[in-house]
Amino acid sequence: MRQTLRAMRMLRGFPAGKNKLASPVIFCSGAKRGAVLITKGQQRQYASAPTGTQVVQLTSNMYPEIVRDERFGKLSAEDMEYFKSILSPGSVLTAAEEDLSGYNIDAMRKYHGQSQLVLKPRSTHEVSLIMKRCHERRLAVVPQGGNTGLVGGSVPVFDEIVISMSLMNKIRSFDEVSGILVADAGCILETTDQYLAERGYIFPLDLGAKGSCHIGGNVATNAGGLRLLRYGSLHGTVLGVEAVMPDGTIINSLGKLRKDNTGYDVKQLFIGSEGTLGIITGVSIFCPRRSKVVNVAFFGLESYEKVQQAFVRAKGELSEILSAFEFMDRESQDHVARFSELRRPLDESHNFYVLVETSGSNRAHDEEKLQTYLEGLMESDVISDGVLAQDETQLKNLWTWREGIPESLGKSGGVYKYDVSIPLDELYQLVEDARVRIQEFGHEIGTDSSNVVNVVGYGHLGDGNLHLNVAVKQYDKEIEHILEPWVYEWIEKRHGSVSAEHGLGFAKKPYLQYSKDQTVIELMRQVKKVYDPNGIMNPYKYI
């Protein structure tokens with residue numbers, strides 16, 4: 001097989017005997033030289049929001065069966081004066097004086113709340129004072145980070161007060177020996193990761209929305225992202241949280257210990273609670289050393305079965321250096337190409353694509369392992385075509401074809417997103433069945449006359465996480481009813497999860513029973529009542 005690779009290089013101008021990773025490396029026929037070209041300064045950062053200008057209807061109008069809870073109080077002039085008295089100038093935004101649409105409308109432009117007040121505290125103490133007042137007056141609140149969530153969990157439904165954490169954005173401490181970071185909840189993920197990079201460390205989470213999302217919001221939603229395969233979930237890396245309870249009580253559990261076996265691990269209740277139990281104001285998290293050597297390969301395959309074969313071999317042959325294994329179908333890549341000026345990495349079209357990333361400390365060792373892995377896939381006809389990034393620019397450009405999918409889909413108008421966990425052998429079957437179902441109900445896919453633009457599947461194969469995305473020209477109740485609860489029923493039959501990493505929010509609250517039995521749901525309700533007896537924390541969502 002190595003002789004075949006040498007022959008390929010000779011055909012493309014690479015003499016035999018050269019370093020195996022001479023730049024650029026093209027390890028399968030048909031790949032373009034230089035891996036991929038990006039125009040106009042494309043960067044590895046994508047928002048998930050549709051870019052259309054269509055009016056976002058009020059959530060209360062779209063879902064008239066949801067009614068405002070009569071237990072909740074309404075803002076008074078006295079409340080407004082109180083908040084202005086405890087917060088600094090510019091930290092109290094009112095609908096009468098400001099455009100609050102950025103706080104009322106979610107990133108998907110699907111949900112639209114009616115908040116008349118946004119509060120922007122600068123300290124945990126100020127959050128405590130806010131919550132004491134809200135508890136006494138039974139004023140419902142919505143904690144909000146970067147508002148990048150995809151299930152409507154970070155925006156109001158009615159007139160809840162938005163508590164924005166954007167001004168609580170300081171790094172409190174970092175131990176360069178242990179790698180333990182303590183930071184405010186409002187720190188932006190990308191900024192925090194850059195801070196760590198300067199010190200040789202890495203934040204154990206990476207998201208397409210990293211330029212906007214807050215680490216407190218990441219913890220509150222138990223975000224998964226692109227590094228979970230390597231570093232695990234936030235349930236394992238978060239060492240402690242500081243949080244303000246609904247009555248204003250401050251819980252200081254910002255532990256810096258990786259081992260602390262003393263009683264209930266209370267912080268775990270806040271991780272993934274989506275602001276329904278309290279407001280996370282600070283986070284303590286273990287950050288690994290940043291890998292000195294990172295390689296990215298991008299290749300095409302002809303079947304989902306071969307994608308699985310490539311993954312099994314990656315686990316066995318790359319093992320300790322494997323940091324990402326992302327798969328994408330042809331439709332998702334065609335959509336990125338359609339709505340961007342990117343040059344495709346590969347000449348030929350394939351049914352599936354895989355991006356493999358390795359991270360380690362020994363360049364010769366890592367490149368040898370990756371080379372052997374790729375040669376084995378070629379020899380057994382698992383992969384059809386591929387490229388290997390040769391520098392940082394090419395590496396980021398290849399990642400663009402994975403991270404650019406949400407933005408490209410959003411340019412169609414709207415996207416119904418289903419972030420689910422399914423056993424690997426049936427993971428892509430959901431995408432194929434969804435296409436059939438939509439067509440059975442009389443909707444063509446991708447035609448000028450149809451509202452359905454595309455149905456794509458991609459995700460983190462390493463964690464069994466599929467992103468089924470149905471792109472539409474505009475949100476439509478008929479399409480929604482075709483898909484829901486059918487998607488969740490499909491998942492329930494296979495013992496999967498209706499939410500792998502995006503959370504429940506408003507969108508998935510009605511479908512929790514498809515993943516959790518009634519005993520567990522009742523226990524969750526009891527926890528909610530203990531922490532938030534008045535029910536003022538992020539109401540109408542989660543449970």
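The values are calculated or read from the model by the stated rules, or taken from the named source; none is laboratory data. Please read all numbers here as calculations on a predicted model, not as lab measurements. Using ideal geometry, Cβ is built from the backbone for each residue, glycine included, and neighbour counts are taken over all protein chains shown. Accessible surface areas use protein heavy atoms only, side chains included; no ligands, DNA or RNA. Shrake-Rupley method; radii C 1.70, N 1.55, O 1.52, S 1.80 Å.
What to note about this one:
- Among the residues listed as H495, H481, the single one being assigned by TED's automatic domain parsing to the domain that holds V453, without any contact (Cβ under 8 Å) to a residue 12 or more places away in the chain and either under 26 Å from D69 (Cα atoms) or open to solvent by 50 Å² or more (accessible area, probe 1.4 Å) (or both): H481
- Checking each residue in region 514-534 for being open to solvent by 70 Å² or more (accessible area, probe 1.4 Å), of a type outside the set (D, E) and more than 23 Å from the chain's Cα centre (by Cα) picks out Q518, T519, L523, R525, Q526, K529, V530, P533.
- K473 satisfies every condition listed in (1) under 24 Å from L512 (Cβ atoms); (2) open to solvent by 40 Å² or more (accessible area, probe 1.4 Å) except (1).
- Yes/no for V67 being open to solvent by 20 Å² or more (accessible area, probe 1.4 Å), more than 26 Å from the chain's Cα centre (by Cα) and of a type in the set (A, V, I, L, M): yes
- Only residues that are among the polar types (S, T, N, Q) and either touching a residue at least 60 places away in the same chain (Cβ under 8 Å) or closer than 20 Å to Y475 by Cβ (or both) were counted in region 103-122, giving 2.
- Search result, residues across region 448-462 that are open to solvent by 50 Å² or more (accessible area, probe 1.4 Å) and under 30 Å from G300 (Cα atoms): D448
Every residue, every condition in (1) within 24 Å of E242 (Cβ to Cβ); (2) open to solvent by less than 40 Å² (accessible area, probe 1.4 Å); (3) outside any loop (DSSP other than H, G, I, E, B), yes or no:
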{"site": "F83", "(1), (2), (3)": "yes, yes, yes"}
{"site": "P89", "(1), (2), (3)": "no, no, no"}
{"site": "E97", "(1), (2), (3)": "no, no, no"}
{"site": "Y103", "(1), (2), (3)": "yes, no, yes"}
{"site": "K110", "(1), (2), (3)": "no, yes, no"}
{"site": "S115", "(1), (2), (3)": "no, yes, no"}
{"site": "P121", "(1), (2), (3)": "yes, yes, no"}
{"site": "V127", "(1), (2), (3)": "yes, yes, yes"}
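- Boolean, E522 is farther than 30 Å from R137 by Cα, out of contact with any Leu (no Cβ under 6 Å at 6 or more places or on another chain) and among the charged types (D, E, K, R): no
- Looking only at region 130-146, residues that are buried (at least 19 other Cβ atoms within 10 Å of the Cβ) and either small (G, A, S) or outside any loop (DSSP other than H, G, I, E, B) (or both) come to 11 in all.
- Given (1) assigned to a helix (DSSP H, G or I); (2) surrounded by fewer than 15 Cβ atoms within 10 Å (Cβ to Cβ), index of the condition V487 fails: (2)
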